[in-house]
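Please read the structure below before turning to the comments.
Bear in mind that the values in this text are calculations on the coordinates, not laboratory data. Keep in mind that this is a model prediction, so the values were computed, not measured. Reconstructed Cβ throughout: ideal geometry from the backbone, glycine too, with neighbour counts over all protein chains shown.
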Amino acid sequence: MTDPSALRRNGDRRLRIPRLTTVVAVAVVSVALGVNLVMAVLSWRSLGAWAGFVLASAGLVFVFRNPRVAVLVTALAPVAVGLLGWMPTLTWSVACFIGFLITVRGLSALVVGPALGVANLVGVWLVTGTINPAVNSEASIAAFSAVLLVAVGSAVRNNDDYRTEMERRAQDAIASRDEAIRLGVAEERVRIARDLHDGVGHQVAVLSMHLGTAETKLTTDMDMTRRALNDARTDVQTLLRETHSILRILKADNEPDLIGPTADHHNIAAMVAGFREAGLDLEADMPNLNEIALDPTGSTAAYRIVQEGLTNASRYGTGQVSLHIEPRPGWLHIEMINTRRTDGVRGRTSGQGLLGMHARADAAGGRLEAEPAGRLFRVSADLPIVGVDQ
C-alpha cells in the first residue's frame, strides 16, 4: 500500500533534483562568464571579448524570464564574437550550458539544439574560415556539444515530467482506492442495517405473538400462559443478543471475530417452526433445502426474504399464511400469500422491509415481486441456483 506521506517526500526529493541541476549549471556558466570577463578586461580593446561576455550574460538572465529570447541572444553571442575576430571557444562553451538550462526550463530541444549548434558552427567558421573536421575540428565539436547538452537537458526535463505524471497517477489511484473503500464500508453498513431490521423485526413479531397468546390464555390456561411468557422472555433475550452483536460490528471495523454466522436458506425450516410455535397459522410447502445449492448472497437473501415476508404477515395480516418454496429450472422459487388487514395498520409502516427484500433479490441476481391482490398480499421471489444455467 502506497503511503501518501512517502509520495510527498519523494516529490520533495524530485523537486530538489532539477533545482540542484539548475544551480550547478548556473554556477558553471557563471564561472565561465567570470573567466570571459577577466579576458575582456585583459584585452579591453577587443570588442569581441566584450560582446561575448555581454550577450552570454544577457542569455543567462533571459533563461529565467523569457526562454525564447534567451535562445536568440545566446545564439548571437558566438556569431558576434566570430564577426569581431575573437576566437569564440569560451563563448560557444557558455552557449552550450545555457542551452542546457533553457531545455531544462521546458523549451523544446528541437528548437534550441539546431539554433545553438548552427550558431556555434558559424562562429568558429567566421574565425577559422573552415568547418572541415580534417583541417579544424573545433567547429564540429562546438556544434555537436551544443546539440548534446541540449539533448541532456531535454532528457532531464522529460524524466522530471514522467516522474510527476507517475506520482499524479499514484495519487489518483490512492484517492480512487480510498473512495472505493468508503463506498464499500457504506454498502456494508447498509447491509448490516438491513440485517438488523430483518432480524429484530422477526424477533419482535414472534415476541408479539407470544405475548398475545399469554394475554388470551391468562385466565383460562395458566400452563399455556406460563409457557407463552417463558417463550416471550427467550425472545427478548434473543433480540437483545442479536441487537448487541450487530451494534458491536458497527462499532468495530477491524474485528472479524465479532461477526456471527450469516443466515442462510438451510435454516428456513427452523425459522418456520419458530413462527408456528409462536402461534402463526402457517402452511408451508417446501423441499429439503439442504439439497439445493445457492451462493452465499442468494442463500442469505432467501432466508431474509422469507423472514421478512412472514414477519410482515404476522404483523399486518390475518388468518392463515401460505409459504410455498420449490426448485424450478435454474431458480429457487419462493411464494408467500397472506390476507391483508383492513384497519389501516399497513399504512403506518415505513416500507423499508419491502425495499430490503427487493435489494437482496437484486444483489443475488434474482427478482422479486411484492404486491396486493385484492384482500391478499403476495410476495414472489426467484433466486438463481448455483451450477444451473438459466
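Okay, here's what the table says:
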| read-out | value |
| --- | --- |
| Cα→Cβ-extended label distance, 7 Å offset, between Asp295 and Glu371, nm | 2.8 |
| Extension gain (nm, one decimal) between Asn158 and Val118, 0.36 nm per residue minus Cα-Cα | 12.0 nm |
| Under-5 Å amide H pairs with Ala284, H placed in peptide plane, nonlocal only | Leu323 |
| Stretchable slack from Ser108 to Ser43, in nm (0.36 nm times residue separation minus alpha-carbon distance) | 19.7 nm |
| Ala27/Phe64 FRET efficiency (R0 25 Å; Cβ-Cβ; nearest 0.05) | 0.95 |
| Projected label distance in nm at Ser137 and Met271, using a 7 Å step from Cα toward the beta-carbon | 9.0 |
| Relative contact order of the stretch 4-175, defined on C-alpha pairs under 8 angstrom at six or more residues apart (%) | 22 |
| Amide H partners (placed H, <5 Å) of Arg378, local residues excluded | Glu371, Ala373 |
| Footprinting exposure proxy for Asp223, Asp264 (fewest neighbouring C-beta atoms within 10 Å first) | Asp223, Asp264 |
| Protection proxy ranking, peptides 277-283, 107-113, average beta carbon neighbours within 10 Å, highest first | 107-113, 277-283 |
| His358 versus Gln171: modelled label distance in nm, points set 7 Å from Cα along the beta carbon direction | 4.2 |
| Per-residue Cβ neighbour rank within 10 angstrom, fewest leading, Ser314, Ser145 | Ser145, Ser314 |
| Where a label projected 7 Å from the Cα of Ala151 along Cα→Cβ would reach, residues of the stretch 106-120 with amide N under 13 Å | 109-110, 113-114 |
| Computed lengthening from Thr128 to Arg19, 0.36 nm per intervening residue step minus Cα-Cα distance | 35.4 nm |
| Relative packing of peptides 149-161, 37-49, 132-144 - highest average C-beta neighbours within 10 Å first | 149-161, 132-144, 37-49 |
| Cut-off 13 Å between beta-carbons: net charge of the residues surrounding Phe62, Lys and Arg +1, Asp and Glu -1 | +3 |
